[in-house]
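Derivation of every value follows stated rules applied to the coordinates shown; laboratory data play no part. Here the structure is a predicted model, which is why all the values come from computation and not from measurement. Neighbour counts are summed over all protein chains in view; Cβ atoms, including those assigned to glycine, are modelled from backbone coordinates with ideal geometry.
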Amino acid sequence: MLPTVTRTLRPPADYRLAASVRPLTFSRYDPCARITADGFWWATRTPAGPATLALRPAAGELVAEAYGPGADWVAERADAVAGLRDDLAGFADLAAAHPVVARLAREHHGLRMPATGQVFPRLLRAVLEQKVTGKEAYRAYAATVRHFREPAPGPVSLLLPPAPAAVAASPYWVFHPFGVEQRRADTLRRAAAAADRLERCVDAAEATRRLTAIPGIGRWTAAEVVRIAYGDPDAVSVGDYHVPNTVAWALAGEPRGDDARMLALLEPFRGHRGRVCLLLEAAGIQAPRYGPRAPLRSFAGY
């Protein structure tokens, strides 16, 4: 029988589980994580071995069940994964400075930012998201996870994220049929080779320095990673195709904005700039769209 560890958590009264953990999934078809009608399932690798964590609301509490050799590790971090270590201190005062942010902070007060404590699983996804559409990125991600297929422990059918050593040892052309060109494949392989050092970073600032020292990883990728791995509420995805426009539209009524304008508008919220972006996303706010959507491409046929 697989080791099982159970822990009871006590979230705030207005806590929203699905909204808080949604950033840990890559669409509802993510092979490594799943939001269900009764909770959340998350498969991962830990220093103690593979594990699966289940989070289920029950009578105002949150029951965490962990399975596998890494059960103790994920159970100990269950509150962080659920976003219950997220520190909102000072944010209400900052939010009050702008009517839109103040309103969203009230409406989405139960939204918390998770912190997985793991860099490489989110880095895998972020590298595959570079410079492509969301659908292209998901296809590459799902195909990569299934290529390195390793079932996760527990009663739900999930797969573990690929082991960094296996990714680092794979030639770039292994990823070609998944729609990943050599540039992203090489970046992913370099990141995988550095995974041990990355996982030992003590905070988001150190992780950002180490990440951006890897060729092919810039500020956007680093921010995407530390926001999830460390729950960094100030991480802003500079270089994103949509976020500058969203921020400019929501905070200034301007349909278009560049990175400089986005950072200027977010400056009053320093310390929680990433949280503001998360609230805008949770509210579904989008700048007006002009022109056609970016076409889907497949590098597998090149």
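Mean-square fluctuations from a GNM of the chain, with a 10 angstrom spring cutoff on Cα atoms, peak among Ala13, Ala282, Ala126 at Ala13. With the charge dipole of region 242-283 set up from +1 on Lys and Arg Cβ and -1 on Asp and Glu Cβ about the Cα centre, the Cα lying farthest toward the positive end among the listed residues Met262, Leu278, Ala248 is that of Leu278. Remark on region 132-214: ratio of C-alpha radius of gyration to 2.2 N^0.38 Å is 1.19. Taking only the alpha carbons of region 242-283, we obtain Rg and Dmax values of 9.1, 25 Å in that order. For region 224-292 versus region 121-184, the spacing of their alpha-carbon centroids is 26 Å. Estimated from the Cβ-Cβ distance and a Förster radius of 45 angstrom, the FRET efficiency linking Ala264 and Ala169 is about 0.50. Extension gain for Tyr29 to Arg85 (0.36 nm times residue separation, less C-alpha to C-alpha distance): 17.5 nm.
Over the Cα atoms of region 39-165, the radius of gyration divided by the Kirkwood radius equals 1.04; this is the Rg/Rh ratio. Fraction of C-alpha pairs exceeding 15 angstrom in region 218-264: 43 percent, rounded to a whole number. Each distinct pair of alpha carbons in the chain adds a 1/r term; the inverse of their mean, the Kirkwood radius, is 19.9 Å. Computed on region 5-82, the Cα convex hull volume stands at 82 Å³ per residue.
Length gained on full extension, Gln286 to Arg149, computed as 0.36 nm times the residue gap minus the Cα-Cα distance: 45.7 nm. Got a sec? Which residues in region 139-153 would a label at Tyr241 touch, if it sits 7 Å along Cα→Cβ and we count backbone N under 15 Å? Counting backbone N atoms under 15 Å from the label point, the list is 139-140. Here r is the Cβ-Cβ distance between Asp72 and Ala92 and R0 is 35 Å; the resulting FRET efficiency, rounded to 0.05, is 0.45.
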